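The values are calculated or read from the model by the stated rules, or taken from the named source; none is laboratory data. Keep in mind that this is a model prediction, so the values were computed, not measured. As a convention, Cβ positions derive from the backbone with ideal geometry for all residues, glycine included, and neighbour counts pool all protein chains shown. Remember, those area values only see protein heavy atoms, side chains included, never the ligands or the DNA or RNA. Shrake-Rupley method; radii C 1.70, N 1.55, O 1.52, S 1.80 Å.
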Amino acid sequence: MLQFSNVVFKFGDTPLFEDLSFTVHARHKVGIVGKNGVGKSTLFQLIRRRFVPEEGDILYPASWRIAWLRQDVTPTERSALDFVMDGDAQLRRAQGNIQRAQQDEDGQKLAHAYAEFEDLDGYQFESKAASILVGLGFSTEDFDKPHREFSGGWRIRLNLAQVLMNPAELMLLDEPTNHLDLEATVWLQKWIAKHEGTVVVIAHDRDFLDRVVDTIIHLDQLRAFTYRGGYSSFESQRAALLMRQEAMHRRQAKERERIQKFIDRFRAKATKARQVQSRIKMLERMTDVVVLRTQLPYEFAFDAPSRFDEPMVFLDDCSLGYADHPVLSGITERIYPRDRIGILGLNGAGKSTLLKALAGVIEPLSGTLQHSEHTTVGYFAQHQLEVLNGDRSARDQIREVADMSEQRVRNYLGTWGFGGDDIFRPVKQFSGGEKARLVLAKIGLSKPAVLILDEPTNHLDIDMREALSNALDSYRGAVVVVAHDQHLLRRCVSEFWLVNQGKVEHFDGDLEDYESMVSVDSATPSKTKTRSSRELRRERAATRQSQKDLVARRRTLEKQLGELGDEMNELLAKLTDPETFKTGERSEVETWMRRHSKTQQKIKDLENEWMSIEEKLDP
């Protein structure tokens with residue numbers, strides 16, 4: 001197991017951890033959460049021995065191998081497949097041993113090398129790497145493509161694939177979903193759930209944490225607090241804790257007031273001096289109950305224009321693409337105020353192309369795409385983070401797009417989490433999350449009628465994602481969004497469009513239907529893509545009916561087992577009573593023994609059936 005014991009760590013004179021203690025048990029899946037700046041990534045550096053604590057111990061077995069997700073790797077000429085296979089250093093060494101034995105023409109060494117290779121499941125080496133690549137959204141054509149030819153986000157995916165190839169006992173994943181789409185995120189969830197090693201993950205996707213981890217470690221006030229369950233369970237437990245602390249704080253305040261009244265009343269009386277001094281000491285020894293308050297650091301909203309047209313966006317027989325290369329064709333759709341549209345589709349299907357066209361970034365190749373007279377568009381895409389003027393501050397960039405007083409700029413940026421001198425820092429010093437917030441803040445000033453959002457939650461922390469969900473929920477305009485954040489999609493989207501095989505269709509299902517459609521063995525992804533959402537709904541309905549029947553049968557079995565248990569207890573009471581064999585007739589005793597044997601067998605049969613049902617209901 002991994003154990004932090006009374007760890008103290010500082011950056012300069014600033015304490016980051018004080019008396020930090022927690023335990024991660026082997027094969028558990030743990031999520032690390034906390035506000036920005038509390039030290040989540042530093043925690044990983046301490047585990048890797050890159051940082052050394054001033055006090056305390058960080059312990060784990062010396063035999064444990066540790067794998068971690070790197071956010072940047074120097075581009076290489078190695079193919080994507082080779083790069084990923086490099087993640088399993090043991091198998092790479094075994095391959096090297098085979099090559100050396102072959103070169104030396106040493107039959108004994110070669111036999112030993114092949115035996116080692118087989119023991120490490122080497123014959124599945126390449127297929128395992130290929131399966132991971134496909135699961136993370138790479139095509140088979142990408143396998144031979146040099147690592148250096150991939151964009152930054154895709155290199156991060158390759159880094160993740162390489163980590164997943166590593167047979168490490170401890171895996172450290174820092175924001176693994178940041179550069180993934182929904183399909184790859186769903187695949188990763190299932191991969192981690194099946195992984196037999198220990199996984200510690202930093203993530204800001206609450207649904208991802210709910211589906212992946214069994215423990216949450218919350219970093220707060222320089223310490224760590226452990227909660228069993230996923231993120232939703234942590235939130236409810238945390239809320240209950242805050243309520244208890246609030247109640248304890250009120251009770252303590254009343255007790256302090258009562259004791260102080262006694263001291264003030266009898267301080268001047270010599271006969272009460274001992275009692276007064278006792279209560280003074282009692283007040284001095286009383287440990288303050290600190291009230292922990294949770295409040296979102298972001299309180300923004302998206303203002304919409306005062307007038308809307310209906311519909312706001314027309315698409316008639318549109319063909320979208322680049323130059324003479326159509327990506328999507330035959331699109332006829334309408335977008336109305338208060339529409340909440342989520343765009344689904346596999347990587348490369350054309351989701352971003354559709355959003356660019358809706359935002360007016362690209363023109364249709366044919367057909368009509370028109371915005372109504374009073375329709376303005378707010379468009380968010382990842383490339384906008386990189387084109388921000390790095391030498392100008394957040395304050396300057398807001399003043400560029402809005403005629404606002406200094407105080408109004410401060411107030412506005414404050415709702416987006418920029419306070420104090422942060423508004424004067426040059427943007428080139430900003431984190432990815434800060435840049436994303438600034439871009440969204442600039443979009444909000446335009447009072448758009450339609451928000452077009454392409455992966456808006458990348459780099460955002462959980463609090464910001466929750467605030468964004470709240471803002472979109474209350475926004476009076478229309479929203480069209482591509483996102484891998486399942487919580488945001490469930491919270492904010494009311495209909496889905498599916499981009500598939502060059503077409504845009506309404507998806508007749510919910511997010512669970514879509515996840516079922518894409519969550520298959522990555523080696524044969526095409527098989528499920530041919531299944532329609534209607535077929536999936538029928539399958540799910542049949543599954544629910546089957547489960548209802550199983551639940552009913554389980555209830556009957558539990559009742560029968562209870563009755564048989566009572567009967568067995570009565571028989572055992574008789575058969576273990578010495579008086580039974582002294583006073584009872586032999587035929588009667590034999591009858592009880594036969595009943596005991598039959599009852600025991602019946603209980604065994606019913607228990608086997610009950611266990612079989614349990615496995616089907618909770619595989």
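Is it the case that some residue within segment 43-66 is hydrophobic (A, V, I, L, M, F, W, C), part of a loop (DSSP other than H, G, I, E, B) and closer than 14 Å to residue 201 by Cα? So that I can check it myself, show each step before the final result.
Within segment 43-66, the first condition is being hydrophobic (A, V, I, L, M, F, W, C), and the residues that meet it are 43-44, 46-47, 51-52, 58-59, 62, 64, 66.
So of that shortlist, the ones also part of a loop (DSSP other than H, G, I, E, B) come out as 51-52, 62, 64.
Now drop any that are not closer than 14 Å to residue 201 by Cα, which leaves none.
No, there is no match, as no residue in segment 43-66 is hydrophobic (A, V, I, L, M, F, W, C), part of a loop (DSSP other than H, G, I, E, B) and closer than 14 Å to residue 201 by Cα.
Among the listed residues 407, 384, 397, which satisfies the condition of being under 28 Å from the mean Cα position of the chain (by Cα) and part of a helix (DSSP H, G or I)? Let's see the steps before the verdict.
Working: 407 fails: under 28 Å from the mean Cα position of the chain (by Cα); 397 fails: under 28 Å from the mean Cα position of the chain (by Cα).
Being under 28 Å from the mean Cα position of the chain (by Cα) and part of a helix (DSSP H, G or I) holds for just one of 407, 384, 397, which is 384.
I'm checking my understanding of the structure. Among residues of segment 405-424 that are at pLDDT below 90 and at negative phi, which one is least open to solvent (accessible area, probe 1.4 Å)? Walk me through how you get there before you give the answer.
Going through segment 405-424, the residues at pLDDT below 90 turn out to be 419-422.
After this cut, where a residue has to be at negative phi as well, the list is 419, 421-422.
Values: 419: 39, 421: 120, 422: 56 Å².
My answer is 419.
Sort through 83, 125, 117 and tell me the only one that's over 24 Å from residue 172 (Cβ atoms) and either in a helix (DSSP H, G or I) or not hydrophobic (A, V, I, L, M, F, W, C) (or both).
Details: 83 fails: over 24 Å from residue 172 (Cβ atoms); 125 fails: over 24 Å from residue 172 (Cβ atoms).
Result of the check over 83, 125, 117: 117.
When the residues of segment 1-51 are filtered to those that are within 25 Å of the chain's Cα centre (by Cα) and among the polar types (S, T, N, Q), which remaining residue is most open to solvent (accessible area, probe 1.4 Å)? Even if it seems obvious, please write down each step before you answer.
Of all residues in segment 1-51, those within 25 Å of the chain's Cα centre (by Cα) come to 1-4, 16-17, 20-48.
Subsequent filtering for residues that are among the polar types (S, T, N, Q) retains 3, 21, 23, 36, 41-42, 45.
On the way: 3: 61, 21: 48, 23: 48, 36: 95, 41: 60, 42: 18, 45: 50 Å².
Checking each candidate, the answer is 36.
Taking segment 425-444, which residues are open to solvent by 50 Å² or more (accessible area, probe 1.4 Å) and either over 15 Å from residue 384 (Cα atoms) or among the small types (Gly, Ala, Ser) (or both)? Steps first, please.
Keep residues of segment 425-444 that are open to solvent by 50 Å² or more (accessible area, probe 1.4 Å), which gives 425, 428-429, 431, 442.
Of everything in segment 425-444, those that are open to solvent by 50 Å² or more (accessible area, probe 1.4 Å) and either over 15 Å from residue 384 (Cα atoms) or among the small types (Gly, Ala, Ser) (or both) turn out to be 425, 429, 431.
Quick check: anything in segment 551-567 modelled with pLDDT of 65 or more and over 47 Å from the mean Cα position of the chain (by Cα)? Outline the logic, then answer.
Start the filter on segment 551-567 by keeping residues that are modelled with pLDDT of 65 or more, which leaves 551-567.
Filter once more, so that each one left must be over 47 Å from the mean Cα position of the chain (by Cα): 567.
Looking for residues that are modelled with pLDDT of 65 or more and over 47 Å from the mean Cα position of the chain (by Cα), one finds at least one in segment 551-567, hence yes.
Looking only at segment 134-159, which residues are assigned to a helix (DSSP H, G or I) and touching a helix residue (DSSP H, G or I) at 6+ places or on another chain (Cβ under 8 Å)? Before the answer, list the steps.
Of all residues in segment 134-159, those assigned to a helix (DSSP H, G or I) come to 134-135, 140-142, 147-149, 152-159.
Selection gives 134, 135, 140, 142, 147, 155, 157, 158.
Could you give me the residue pairs with C-beta distances under 6 Å whose first residue belongs to segment 409-438 and is touching a residue at least 40 places away in the same chain (Cβ under 8 Å), whose second residue is of a type in the set (Ser, Thr, Tyr) and open to solvent by less than 30 Å² (accessible area, probe 1.4 Å) wherever it lies, and which are 6+ apart or on separate chains?
417/298
Can you name the number of the only condition in (1) of a type outside the set (A, V, I, L, M); (2) touching a residue at least 24 places away in the same chain (Cβ under 8 Å); (3) in a strand (DSSP E or B) that residue 334 fails?
For residue 334, the failing item is (2).
Scan (1) open to solvent by 20 Å² or more (accessible area, probe 1.4 Å); (2) more than 25 Å from residue 44 (Cβ to Cβ); (3) modelled with pLDDT under 95 for the single condition residue 193 breaks and write down its number.
Exception for residue 193: condition (2).
Residues to consider are 535, 512; find the one that is more than 26 Å from the chain's Cα centre (by Cα), modelled with pLDDT under 90 and either closer than 15 Å to residue 346 by Cα or open to solvent by 20 Å² or more (accessible area, probe 1.4 Å) (or both). Write out each step before concluding.
Working: 512 fails: more than 26 Å from the chain's Cα centre (by Cα).
Criteria check complete, one pass: 535.
Kindly provide the set of residues from segment 82-119 that are under 31 Å from the mean Cα position of the chain (by Cα), in contact (Cβ under 8 Å) with a residue 24 or more places away in the chain and open to solvent by 20 Å² or more (accessible area, probe 1.4 Å), ordered by number. Show your work before the answer.
The first filter runs over segment 82-119 and keeps only residues under 31 Å from the mean Cα position of the chain (by Cα), leaving 82-91.
Still in the list and also in contact (Cβ under 8 Å) with a residue 24 or more places away in the chain: 83-91.
Passing the criteria: 86, 89, 90.
Tally up the residues in segment 411-443 that are of a type outside the set (Ser, Thr, Tyr) and in contact with an Asp or Glu (Cβ under 7 Å, 6 or more places away or on another chain), please. Walk me through how you get there before you give the answer.
Initial filter on segment 411-443 (of a type outside the set (Ser, Thr, Tyr)): 411, 413-414, 416-430, 432-443.
Among the residues that remain, those that are also in contact with an Asp or Glu (Cβ under 7 Å, 6 or more places away or on another chain) are: 426, 428, 433.
Result for segment 411-443: 3.
Please state which one of 354, 358, 369 is closer than 22 Å to residue 479 by Cβ and either acidic (Asp, Glu) or part of a strand (DSSP E or B) (or both). Reasoning before the result, please.
On the way: 354 fails: either acidic (Asp, Glu) or part of a strand (DSSP E or B) (or both); 358 fails: either acidic (Asp, Glu) or part of a strand (DSSP E or B) (or both).
On inspection, the qualifying residue turns out to be 369.
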